[in-house]
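**Student:** Got a structure for you, questions after.
Derivation of every value follows stated rules applied to the coordinates shown; laboratory data play no part. Only a predicted model underlies this, so the values are computations on that prediction, with no experimental measurement involved. Cβ sites come from the backbone with ideal geometry, for glycine too, and all protein chains shown count toward neighbours.
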Amino acid sequence: MFTGVISIVTEQFGSYLSNVEKAWKANARSAFGSQVKELPPERLEQLKAEYIAQVEATATDQGIWNDVTTFFVLGSK
């Protein structure tokens, strides 16, 4: 059993993307990517088209916000 001190700090490293294809590719390499890569190609293309349409609908003049929240978990005895 750990009896030390644990602290959790979150940092925001997100940025605006100018290209929704970059958002798709970045997310396809993340946690959801392992799930969608097993889909049949026609279903994957449909999902990609739906994703792009939804993300483009949220775009601002700055681009598409790509949220990257990072959790730093620190422990010490």
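**Student:** How many percent of all Cα-Cα pairs in the stretch 5-76 sit more than 20 Å apart? List each step's numbers first, then the result.
**Tutor:** Values: 1107 of 2556 pairs.
Result: 43 percent of Cα pairs exceed 20 Å.
**Student:** Taking the Cα centre of the stretch 5-76 as origin and charging only Cβ (+1 Lys, Arg; -1 Asp, Glu), how large is the dipole, in debye to the nearest 20?
**Tutor:** Numbers: 6 positive and 9 negative charges, 48 e Å.
Here the stretch 5-76 has a charge dipole of around 220 debye.
**Student:** Along the charge dipole of the stretch 5-76, pointing to its positive end and built from +1/-1 on Cβ of Lys, Arg, Asp and Glu, which listed residue (18, 73, 55) has its Cα farthest out?
**Tutor:** Going by the charge dipole, the pick is 73.
**Student:** Give, in nm to one decimal, the length gained when the segment between residue 42 and residue 2 is fully stretched (0.36 nm per residue of separation minus the Cα-Cα distance). Write out the running numbers ahead of the final one.
**Tutor:** Working: separation 40, 0.36 × 40 = 14.40 nm, distance 4.83 nm.
In short, 9.6 nm is gained.
**Student:** Let me ask you something else. For a paramagnetic label modelled at 7 Å from the Cα of residue 15 toward its Cβ, which residues of the stretch 58-77 fall within the zone defined by backbone nitrogen distances under 18 Å?
**Tutor:** 60-71
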